[in-house]
Each structure stands twice: as C-alpha cells, then as structure tokens.
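**Q** My questions all concern the structure below.
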Amino acid sequence: MFRILEARFLAPDVKLFRIEAPKIAAKRKAGQFVIVRVTGDGERIPLTIADSNAEEGWITLIVQGVGKTTKLLNTREAGDTVHDVAGPLGTPSHIENFGTAVSIGGGVGTAIAWPTAVALKQAGNHVISIIGGRTREYVILEEEMRAVADEVYPCTDDGSYGFHGFVTQKLQELIDEGRRLDFVLAIGPIPMMKAVADVTRSHGIRTVVSLNPIMLDGTGMCGACRVTVGGKTYFACVDGPEFDGHQVDFDLLAKRNMTYREWEQRKLQEFLAEHGEEPCRLEQKLRDLEKEGE
Amino acid sequence: MARKLTAKERFQIPRQHMPEQPPEVRACNFEEVNLGFDEDLAVREADRCLQCPKPKCEEGCPVNIKIRDFIALVADRKFDEAAKKIKEDNSLPAICGRVCPQEEQCEAQCIVGKRSDPVAIGHLERFVADYERKRGLMKAEPPTEKSGKRVAIVGSGPAGLSCATDLAKMGHDVVVFEALHELGGVLVYGIPEFRLPKEIVRAEIEQLEKLGVEFVTDAVIGMTDTVEELLTVGGFDAVFLGVGAGLPRFMGIPGENLVGVYSANEFLTRVNLMKAYRPDAETPVLDVAGKNVAVFGGGNTAMDAVRTAKRLGAKRASIIYRRSEAEMPARNEEIKHAKEEGVEFLVLTNPVEFLGDENGWLRAARLQKMELGEPDDSGRRRPVPIEGSEYVMEIDMAVIAIGNGANPMIRKTSPAIEHTKWGTIVADRKTGKTTMKGVFAGGDIVTGGATVILAAGAGRRAALAIDEYLRTGRWEDLGQEEPPAEA
C-alpha cells in the first residue's frame, strides 16, 4: 500500500498526487513512469512520474480522469492509499545540452513534459515551454514551468488565455521568427505529437515524443505496448516511452489505443452511473473521450 | 512394503484413468480439468509399479525424486510419508505433478511402459501432494537455528520459490522480490487456472511464509533496486536471480502489430493474472465469443492459450504449427485435452502475413503449407515451405506462442553480470554461480524457456551452493559460457 500525502486538482479532472514511495523517489529519472493499481482487484495503468523528492521519499503523479481507473484514482484524497506502485520503469529521457530546447505539453502531457524540462534546464539548455490547453482552465503547471523555463507560452484552442491557437502554431511562429531551435520534446494527445513532428521534420529539428500505448505489466513481459518506430517494433515500456518523433508510426499507435474502446466506455458509464454524475455531463465526457481518441 | 504381487499381476492392472471434467463441460469453464485420483485409484496405480532394483524413472526425473520409494509408500497407503519422500527432492510436487512433461521424463523411462502403459507417476505425485495439502499436513516450521545471513531471491516463480524454500530451511533469512503485484511468476500469470489452480500456488507461498520467508511485491529488480544495491545498501549476503524468460518473441512478419494480435504472455496475463474472463474484471481482453482464434506455436503455452480462447467462447480455436504433431513440444496430455475440447490442429502450416481492415484490426492470416526436410540442429526435421501453397484464413484474433527471450532489465543495469548473446545469464549449471560475486541464477533466465521442474531443480542446486558460499565465503570464478539449451 502506498500513502497519498497530498491530492489537489490542477484542472477539471486533472489531479496531482504526492505519494509516499521512497525507493522509487530515490531512483527515478526524468521520463520514467510507474505502474499503478488503485485497488486490490484493479487494472494496472502506467503513469509518468512528474516530480519526486528523494530526501522526503515521495513522487508526484498527475492524473487525467479519462477512464474508470483514472476517475476512480481522482476520487482519492490525502491520507488515502493506492494499492500498488511499481517502478521506476522505462528508459529515462536522453538529456544533454542541445542549445535551445522546446518543451511542448498538450493537456495533461505538460505534466510529463515538466520533469524533462527541468532536466533540460539543468543540462544547460535555453528552455522554451509551450503549454497547450483547450481553454484556460486546462493550461496546467504554468507556474512550475515559469520556475524552470526561460520562456513560457501558454496556448488555448479558444483563445481564452495566452496564445490563441494550437501549440503547433506557436511552434511554427517561433520557427518563422527565425529562432534557432535545436531540440523539441512534444508530449500530449497523439494528433498533437504527430502535428509537432510534421512541423519540425522539414526543419530538421530533432524531436522526441513520449508515447502512451496500452500497457499491462510495464516490464517488457507482454508486448501489449509495442510501437513501430522507423519500421521496427519496440516495446514502449522498456525501450521507451520516448522515441524519435520523426520515426514513430502514430497512426498505428492511435489504432492500437482504440483496442478496448468499447469496453472502456462501458466501464466508464458504469462508474459514472454509480458515482451519480448527470447523464448530460456523461454524454459530453464520452464525446470528449472520442475526440481525444481521434 | 508394497503388497506382494507378482510382476505378472502388476502388468495385468491397466493404467488408471485420471477422472476429469467432461470435455463439453470444461470447455465452458475455467475450473481444473483433471480431478485427481482418489485413494483407491492411487493405490491401484501404485500397485502397477515393479519396484525396480535400479529405478530408471528416477534417472528420467530432472531432480531425481525417489520415485520408487514414494510409490511404495502410496501402495502401503502411507500417503503423508509419500509426500515427504517427494519433498526430499522437489518442494513443489502439487505443481510439478500437474505441469511436468512426465512422458518425456520419468514415465518415458518406466520399465512397465516398455510392455504396457507406463506407471502414472505424475498423477501419483499430484495425488500425494494434494492429499497432504487438503488434510492440512503440510508442515513448515522456521528453523530454530539462524545463520544470520540474508539472501535476496529475485522472482517468485518456480526457481525462486524452490530456492527460497531450501535456504529458509537452512536457517538463512530470505526475502523474495516480485515485479508484479501477485506472487508466483509464470505459475500465476502464465499457466491457466484450469491446468493449475492458483489456490495451490498460494498454499505453497503460505508454506514459505510460515518458514519465515518475506515477500515484497511491486519490486522490479534492475529498476527499483539494482542487484548491486541489494548486496550493498540492501544488506544481503547473496542474491539468486530466478527472473524467468519474460520477453515474448514475435515472428517479424507483416501485420503483427494489428489490433487483435497478442503475444501469449499478454493474452494469458490478461486472463489469468488480471482475471479478464470474469464479467466484473477491471482488465479487458478482446471478446472472442463466436469468433475465430488462431494460436501460433506447438508448446504448452500455445495449448494454454488456445484452450483459454475456447473457454472464452471462441467459435473456432486453432493451433497453427509449422512442424508436425510429433514435433510439438507440448505435453501429450495438453494436446489430447485440447483436441477433446474441440481445438483444431493445423500442422505443417506457417503464417506469412497478417491482414487487417482499414481500422487496423486483424481480419485474416496468410498461411503457407510446410513439409519436413532434413533434421536441423535441434534434431527435429526442419520445416520447409511448399511453393504455391499459400492461402488466406479468416481469423479475428491471433496469439503468438513461439517462446520467450530474456528480459533485458538486469542486463542493462548490472553490467558485471555476464550475459550470453542470447540475453541469458552466464551461470554455472551445477551451482548457478554468475560472474558477479555473491550472485547466483537459475531457471529460464539461464537456460532459455524450459520447464517448471528444471527451474525448480536449478533453484534447489543454487540453494546448496549459496549455503556453501555463505558458510565458507569461498568464491571461485566461472569457467566458459555455455549456450542455452533451447531450440
């Protein structure tokens, strides 16, 4: 059992948890994840470690409630426990002083981009952070990013805050301004990462993405998370989750992530019905979920 | 002593049939297929044993169980003593009695088998182990004298459990680290309930807890702690690596990443460990009710997967294997059971490509007929494609069960532990010693994918060597590496 030390919402359905896990906190490097089971009969889900403190023995997870398990987790508060936390897993981010490094986070992807931005800064990079959200309330970790990045550009799809447009448009603007960008890290929904890779490809900017395939054990034992990168198959849990964005077959990843869509929606509906959410909100959520999967 | 029967009388007793669930019933449930001997069946079967002066069966057993003696005890209805006799050499008889390939080991050597059917040694082993467990006769008391030495066991599968058992009995403090949230390794994530009820694995683990063994789940050694850290900050005096062969192989053919193509590990883990077969499960598996499922491979894992698919309601569940049935590595009993349950066997057939629809879902496999050519390095005749024999078979789900490689986690994080080019750990076959002082290894991570009993045997041998190392502190460096004994 792992104790939750702190729990607070950063955005609607996006919750930050500080969890007591001294062993993982001591080991964890940027880009790594843990496998979490909320309850003793729950499913295993991968969650990237957003932050950690080795002295105090905790790690931070930032969770977007999209399915039953993540929504269930988001009902937990400080003092509660989660049943299992295993890790740190995956290959840490490759960090070096590239020069100017752009960290792009879309939605909850910012939570994953944040620790790597910290590491990039520590390695001596000039760090530009682009934070994307549908509306203002979905722009997360701006303060934290401002503490590490040299430049921070929040963007909203509806223009309710910061730059009005997609993160790719902001990136394009920087390129058009003639800024020299040496490295781009893009983490967020699959269409966003694909779009970023498309922007940087013609400019030859090295681009790394963090993939979120379906995982089961998270230790290389099952192959559920296999992805195609440069025509070769890799297991994201041990070979990744970060890969060369210009080589990733995003379409395949998007299709594979749809494998259990029907089942996931049924489980989610059951969960929401049980937890008394209004049906109209429920329908909206399902529509959002479908949109994210596209 | 066994009752006085003449050899002729013994030969006249037919091999006793193991009661089992009828095929049409069991193909719809996940309960154990075999129901086990009762006392009378067991005694009758034991009476078939000739009590050979030089028991060949024992030579056929990878851990040399005193088979003749335990069978004599069964014939005398001393079932509890029979269980103790087996446990002198094998700490997991209830498991091995169910999953060992007896027909290639002890029963292959049985003298009775030269003229008639061999003595059902596996069924008897299972019977006495179940007898002992069900009557609460399993004894485990922590040793009174402790050595003060601490041993870390990495992996809670058959190698780790048997190593832990012996070390704990020798008075060492033993901690078992498991990466998953549940203990048992392949015994819980791989082998299905209908072949090995998990209750049996849990009973074995409870025994170990009574012996004072400590278990830590969610501990991914190599990541959570490295092997070096176990020996330094962890305060362990020795480490045993029994991490198994946990990296599924794929075939490298087009379409293998389509939705609906599973590794056997994934499919079985979803169903066994995560209980996806239950309607209220929190982990999904693709719904195969009324669908066509093809499993590629001819080993026990392939049989487990195809029979699992059948139980999940598959309309058509097929084994597709590139050699002939004679070359299949699976236990005879599994092949027989699969056939009885309606599994189709397409032998001398190999997939060339998986075909998908526009959404990336599997819809068919392009298959090719094979014929057997000259024997290859493994001594088995090599399958050769027949030109122009390709055809398309519609399938909704494919399971790849062609074996496992070694997980790279320890190799990546402990360079001092030498690995072979196959990714397995270089270890002395007798002692399990690796190239790192104080670190031993055994089971599939050394041999490549093999059997439960070989892993358990390696765990026991390593326990002896670890005990000696802990008492003497002597460590001699390893000799030459050997390739894994894998086809």
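No lab work stands behind these numbers, since they all come straight from the coordinates. This one's a predicted model, so the numbers in the text were calculated from it and none came from an experiment. Every residue, glycine as well, gets a Cβ built from its backbone with ideal geometry; the counts of neighbours run over all protein chains shown.
**Q** Work out the FRET efficiency for residue B:135 and residue B:476 from their Cβ-Cβ distance, taking R0 = 51 Å, and round it to the nearest 0.05.
**A** After rounding, the FRET efficiency stands at 0.65.
**Q** Can I ask one more? With only Lys, Arg, Asp and Glu charged, each at its Cβ (+1 for the first two, -1 for the last two), find how big the charge dipole of the range A:41-184 is about the Cα centre; round to the nearest 20 debye.
**A** So the dipole magnitude of the range A:41-184 works out to roughly 280 debye.
**Q** From the Cα gyration tensor of the range B:216-284, with a ≥ b ≥ c the square roots of its eigenvalues, which class applies: rounded if a/c is under 1.5, or else prolate if a/b is larger than b/c, or else oblate?
**A** Oblate shape, in that a/c is at least 1.5 and b/c is the bigger or equal ratio.
**Q** Output the pairs from A:232/A:255; B:139/B:339; B:56/B:430; A:29/B:149; B:149/B:421 with a Cα-Cα distance over 28 Å in this structure; if there are none, say none.
**A** B:139/B:339; A:29/B:149; B:149/B:421
**Q** Students often get this wrong: which residues of the range A:188-216 have the backbone nitrogen under 18 Å from the point 7 angstrom along Cα-to-C-beta of residue B:250?
**A** Only A:211-216 fall inside the zone, counting backbone N under 18 Å.
**Q** Same structure again: Decide, for chain B, between rounded, prolate and oblate: order the square roots of the alpha carbon gyration tensor eigenvalues as a ≥ b ≥ c, take rounded if a/c falls under 1.5, and otherwise choose prolate if a/b is larger than b/c, else oblate.
**A** Note, shape of chain B comes out oblate.
**Q** Just from its helices, what would the mean residue ellipticity at 222 nm be for chain A, if runs of 4 or more DSSP H residues each count -39500 (n - 2.57) and the sum is divided by every residue, rounded to the nearest 500 deg cm²/dmol?
**A** For chain A, the value works out to -9500 deg cm²/dmol.
**Q** So what J values fall out for the range A:97-112 if you push phi through Karplus, 6.51 cos²θ - 1.76 cosθ + 1.60 with θ = phi - 60°, rounded to Hz, Gly and Pro as x?
**A** These are the phi-based 3J(HN,Hα) values: 7, 7, x, 9, 10, 9, 9, 10, x, x, x, 6, x, 4, 5, 7 Hz.
**Q** On to the next question. Please compute the contact order of chain B in relative form: average sequence separation of alpha-carbon pairs under 8 Å and at least six residues apart, divided by the residue count, as a percent.
**A** Normalised by residue count, the contact order of chain B is 15 percent.
**Q** Given the -39500 (n - 2.57) contribution per DSSP H run of 4+ residues, what per-residue ellipticity at 222 nm results for chain B, rounded to the nearest 500 deg cm²/dmol?
**A** -9000 deg cm²/dmol
**Q** Report the relative contact order of chain A, percent, no decimals, based on alpha-carbon pairs under 8 angstrom and at least 6 residues apart.
**A** In percent, rounded to a whole number, it is 15.
**Q** Using the Cα centre as the reference, give the magnitude of the dipole from point charges on the C-beta atoms of chain B (Lys, Arg: +1; Asp, Glu: -1; all else neutral), rounded to the nearest 20 debye.
**A** Using only the charged Cβ atoms, the result is roughly 1260 debye.
**Q** Oh, and also: Which whole-Hz ³J(HN,Hα) couplings does the range A:26-32 yield from phi under the Karplus relation 6.51 cos²θ - 1.76 cosθ + 1.60, θ = phi - 60°, glycine and proline marked x?
**A** Once θ is set to phi - 60°, the couplings for the range A:26-32 become 6, 9, 4, 10, 4, x, 8 Hz.
**Q** Further question on the same structure: Can you give the FRET efficiency for residue B:88 and residue B:116, using 1/(1 + (r/R0)^6), R0 = 25 Å, r = Cβ-Cβ distance, to the nearest 0.05?
**A** The calculated FRET efficiency here is 0.30.
**Q** While we're looking at this one, here's another question. Given contacts defined as C-alpha pairs under 8 Å and at least six residues apart, what's the relative contact order of the range A:35-91, whole-number percent?
**A** Once divided by the residue count of the range A:35-91, the mean separation gives 41 percent.
**Q** If you take each beta carbon of peptide A:220-231 and count the beta carbons of other chains within 10 angstrom, what is the mean?
**A** 6
**Q** Residue B:352's amide H: which non-local residues (gap 5+, or another chain) put their own amide H closer than 5 Å, with H modeled 1.01 Å from N in plane and none for Pro or chain starts?
**A** B:366, B:367, B:368
**Q** Starting from 0.36 nm per residue, how many nanometres of slack lie between residue B:40 and residue B:80 once their C-alpha separation is accounted for?
**A** Taking 0.36 nm per residue and subtracting the Cα distance, the gain is 12.9 nm.
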